[in-house]
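Contents: one structure, followed by commentary.
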Amino acid sequence: MKHGCMHYGNGKARANAFGLPDAIPVHREPIYTPRPELVAKYPTLPNARQFRMPNVGFDVQKAAVEKGIAKEFPLILTSGRLVEYEGGGEETRSNKWLAELQQDMFIEINPADAAERGITDGAWVWVYGAADTKPRARVKALVTERVGKGVTWCPFHFGGWYQGEDLRAKYPKGADPVVLGESVNTLTTYGFDPVTGMQEPKATLCQVRAA
Amino acid sequence: MARMKFLCDADRCIECNACVTACKNEHDVPWGINRRRVVTINDGKPGERSVSMACMHCTDAPCAAVCPVNCFYTTADGVVLHSKDLCIGCGYCFYACPFGAPQYPSVGNFGSRGKMDKCTYCAGGPETDLSAAEYGSRDNGQFTGYGSNRSGRGQAAPVRRDVLDQVAAGRRRRNHRPDLQGARRSAWLHVGSLGLANRLPRDHRLLRTVAYVQAPETKG
């Protein structure tokens, strides 16, 4: 209370949490981090067995640093929601009123990053993911200052394309949504919450090139 | 005389496009025609603002001034409407309009783009209210009518007598916005709203149907 905190309010984040790996939250660098020099000081949790599955985040983070992933993939890729769509978007992309408002999968990129890569607003680009499988996705560029330099953003509501290939023909007849696009999770990378096992589809690294 | 206007509070608009969807759904407007859309300026920068735009139903409408077939007319409520029977799809109004209101069912030059379509302030067209002819057909990618006629059904908020009386008495309502006052010191006031907005609590309505009434003290 001396510090303006209440144990049941804003002080919760500073209180001792029983049963969690970090009793009091500490900083840990992401597995695919844009600041590899910080990993030695702030590593992710050691490998562990979670439920029936191994969580090898520590090894993946170490390998990413050793391979210089942050140099090869200098942009932070984050994913999020659009107001028009819900979840994976299969239902809302099948609604023509909503689909008309967002017709293409896109990546928001800062004007400075776009200029370095010769990318113009609305142009097709290839986004390369940092995973070992070398995934890539063909999306449209939205050059905007909504994102800072070094950061990109994609909506996660699209699906139906895979690495540049339109898979509309594979939908059962009449079941294909009005608009299709690359899924951002083609690009997202390894990482699991140490307690819940929730995967990490929200932030990773990527590289963008004009298509 | 009162004039009907839509106003959007750009300080509160979050570009959710619900007004666009409600308008398209209500009037069953085909893909590619947007009678209403949300425009964002200073996107991603400090001072970003979004505003919902449709036909502004101008007093001296530029679309009517350039129309070679005189298909535009203004109703007694100050709503600018047009006749799709007369429209030849020349596209002049599209170039004349400063708000991008005129829309066309197809892309092409001159007559090949089809009959112009725009916001009717939910008042339909010159045909009989609520008739099939007014509603129109959507065959072959064309849109020959005006969609549903909410005004004809009494659902669009007309200027209410009591509201006009309040203006005449110079009373200020809680929603009165001094910053929206025009150069002529006219009074803007909130008399209701349309579509989805109608089902929201009053304070959450962003897009308002307003009557534009010249304040009595500035007359003459």
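Bear in mind these aren't lab numbers, they're just calculated from the coordinates by the rules spelled out. What you see is a predicted model; the values in this text were computed from it and never measured. Glycine gets a Cβ as well: all are built from the backbone with ideal geometry, and neighbour counts include every protein chain shown.
Panel values: segment A:86-211, Kirkwood radius from alpha carbon pairs, Stokes-Einstein at 4 °C and 1.567 mPa s, translational diffusion coefficient 85 µm²/s. Students often get this wrong, so check it: of A:Lys67/A:Lys170; A:Lys71/B:Lys45; A:Lys96/B:Lys5; A:Lys67/A:Lys202; A:Lys140/B:Lys45; B:Lys24/B:Lys45, which have C-alpha atoms separated by over 25 Å? Result: A:Lys67/A:Lys170; A:Lys71/B:Lys45; A:Lys96/B:Lys5; B:Lys24/B:Lys45 exceed 25 Å.
The trypsin sites (Lys or Arg not before Pro) of segment A:66-114 that DSSP puts in a loop, and whose beta carbon has at most 13 other beta carbons within 10 Å, are A:Lys67, A:Arg81. Just the number, please: Stokes-Einstein D of chain A in µm²/s, Kirkwood Rh from C-alpha pairs, 4 °C, 1.567 mPa s. So the translational diffusion coefficient is about 68 µm²/s. May I ask you to work out the translational diffusion coefficient for segment B:3-141 at 37 °C, viscosity 0.692 mPa s, via Stokes-Einstein with Rh from the Kirkwood sum over Cα pairs, reported in whole µm²/s? It comes out at roughly 206 µm²/s. Per-residue Cβ neighbour counts within 10 Å put B:Phe6, B:Phe99, A:Phe158 in the sequence B:Phe99, B:Phe6, A:Phe158, beginning with the fewest. For chain A, the relative contact order works out to 25 percent when only alpha carbon pairs closer than 8 Å and six or more residues apart are counted.
Exposure proxy shown here: for A:Glu165, A:Glu100, the number of other Cβ atoms within 10 Å sets the order, fewest to most, as A:Glu165, A:Glu100. Listed values for segment B:66-76 are Karplus-derived 3J(HN,Hα) couplings in whole Hz (6.51 cos²θ - 1.76 cosθ + 1.60, θ = phi - 60°), namely 9, 4, x, 10, 6, 8, 8, 8, 10, 7, 5, and x replaces Gly and Pro. Under 5 Å between amide hydrogens, built in the peptide plane, is the criterion, and for A:Asn47 it picks out A:Phe58, A:Asp59 among residues at least 5 positions away or on other chains. Ignoring solvent entirely, what values of log10 I(q)/I(0) come out of the Debye formula for segment B:17-69 at 0.12, 0.13, 0.27 Å⁻¹ when each Cα is a single scatterer? Taken in order of the listed q values, log10 I(q)/I(0) reads -0.42, -0.49, -0.98.
Rounded to the nearest angstrom and listed largest first, the equivalent-ellipsoid semi-axes of segment A:11-113 from its Cα gyration tensor are 34, 22, 15. Charges on Cβ only, +1 for Lys and Arg, -1 for Asp and Glu, centred on the Cα centroid of segment B:1-159; of B:Cys122, B:Gly147, B:Val38, which one is farthest towards the dipole's positive end? Working it through, the farthest residue towards the positive pole turns out to be B:Val38. Counting only alpha carbon atoms, the long axis of helix A:57-66 and the longest principal axis of chain A meet at about 70°.
What the phi angles of segment A:129-140 give under the Karplus curve with 6.51, -1.76 and 1.60, with θ = phi - 60°, is a coupling list of x, 7, 5, 5, 6, 6, x, 8, 9, 9, 9, 8 Hz, glycine and proline written as x. Spin-label pair A:Val56-B:Asp9: with each label point 7 Å from Cα along the Cα-Cβ axis, the two points sit 5.6 nm from one another.
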